[in-house]
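Novice: What follows is a structure written as structure tokens; I'll ask about it next.
The values are calculated or read from the model by the stated rules, or taken from the named source; none is laboratory data. Fair warning: this is a prediction, and the values are worked out from it, not measured in the lab. Note: ideal-geometry Cβ built from the backbone for every residue, glycine included; neighbour counts use all protein chains shown. Ligands, DNA and RNA are stripped out before the accessible areas are found, and what is left, the full protein with its side chains, is counted by its heavy atoms. Shrake-Rupley method; radii C 1.70, N 1.55, O 1.52, S 1.80 Å.
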Amino acid sequence: QVQLVESGGGLVQPGGSLRLSCATSGFTFSRHPMRWYRQAPGKERELVAGISSDSSITNYGDSVKGRFAIARDNAKNTVYLQMNSLKPEDTAVYYCAAPLLGFWGQGTQVTVSS
């Protein structure tokens, strides 16, 4: 059974940091690129960051470049999203995904507010 379980979301003040985790099981994690997406109320889903299977390639959405960092640990079947200098406009539900397989997590809420 495939599972992608996000954690680490919460309420943070502007300028703060959060680290999201996505623990996976049920597929060969180390062979697949992974992505983080987000969706804010009333907005379309947005690609936040992606990482290749061996971590050699990463890419970021324009709105998060220089503030967010994606990483993975293939030994732990887990992908991470380090989010720094958070802004209110980063408020959204964040999802991890294995895009080539069509697998998605349930999402974790991130709220940036004072």
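Novice: Criterion first (in contact (Cβ under 8 Å) with a residue 60 or more places away in the chain and open to solvent by 60 Å² or more (accessible area, probe 1.4 Å)) does Arg45 satisfy it? Show your work before the answer.
Specialist: Values: in contact (Cβ under 8 Å) with a residue 60 or more places away in the chain: no; open to solvent by 60 Å² or more (accessible area, probe 1.4 Å): yes.
Here the answer is no, as Arg45 does not meet what is asked.
Novice: Moving on to the next point. Among the residues of region 100-110, are any in contact with a Leu (Cβ under 6 Å, 6 or more places away or on another chain), part of a loop (DSSP other than H, G, I, E, B), at pLDDT 95 or above and surrounded by 15 or more Cβ atoms within 10 Å (Cβ to Cβ)?
Specialist: So far as region 100-110 goes, yes, one or more of its residues are in contact with a Leu (Cβ under 6 Å, 6 or more places away or on another chain), part of a loop (DSSP other than H, G, I, E, B), at pLDDT 95 or above and surrounded by 15 or more Cβ atoms within 10 Å (Cβ to Cβ).
Novice: Shifting gears a bit: Tally the residues that are over 16 Å from the mean Cα position of the chain (by Cα) and modelled with pLDDT of 95 or more, restricting the search to region 26-42.
Specialist: Just the residues of region 26-42 that are over 16 Å from the mean Cα position of the chain (by Cα), to begin with: 26-28, 30-31, 41-42.
Filter again for modelled with pLDDT of 95 or more, leaving 26-28, 30-31.
Number of matching residues: 5.
Novice: Hey, any hits in region 55-78 for a residue that's in a strand (DSSP E or B), more than 19 Å from Val5 (Cα to Cα), among the aromatic types (Phe, Trp, Tyr) and out of contact with any Pro (no Cβ under 8 Å at 6 or more places or on another chain)?
Specialist: Yes - at least one qualifying residue is present in region 55-78.
Novice: Follow-up question, since we're still on this one. Can you pull out the residues in region 57-92 that are open to solvent by less than 40 Å² (accessible area, probe 1.4 Å), without any contact (Cβ under 8 Å) to a residue 60 or more places away in the chain and not aromatic (Phe, Trp, Tyr)? First the steps, then the outcome.
Specialist: Narrowing region 57-92 to residues open to solvent by less than 40 Å² (accessible area, probe 1.4 Å): 61, 64, 67-68, 70, 72, 78-81, 83, 86, 90-92.
From the residues that got through so far, the ones that are without any contact (Cβ under 8 Å) to a residue 60 or more places away in the chain too are 61, 64, 67-68, 70, 72, 78-79, 90-92.
Those that are open to solvent by less than 40 Å² (accessible area, probe 1.4 Å), without any contact (Cβ under 8 Å) to a residue 60 or more places away in the chain and not aromatic (Phe, Trp, Tyr): Gly61, Val64, Arg67, Ile70, Arg72, Thr78, Val79, Asp90, Thr91, Ala92.
Novice: Residues in region 27-42: is at least one hydroxyl-bearing (Ser, Thr, Tyr) and open to solvent by 60 Å² or more (accessible area, probe 1.4 Å)?
Specialist: Residues of region 27-42 that are hydroxyl-bearing (Ser, Thr, Tyr), as a first pass: 28, 30, 37.
With the extra rule that they be open to solvent by 60 Å² or more (accessible area, probe 1.4 Å), the set shrinks to 28.
The answer is yes; a qualifying residue exists.
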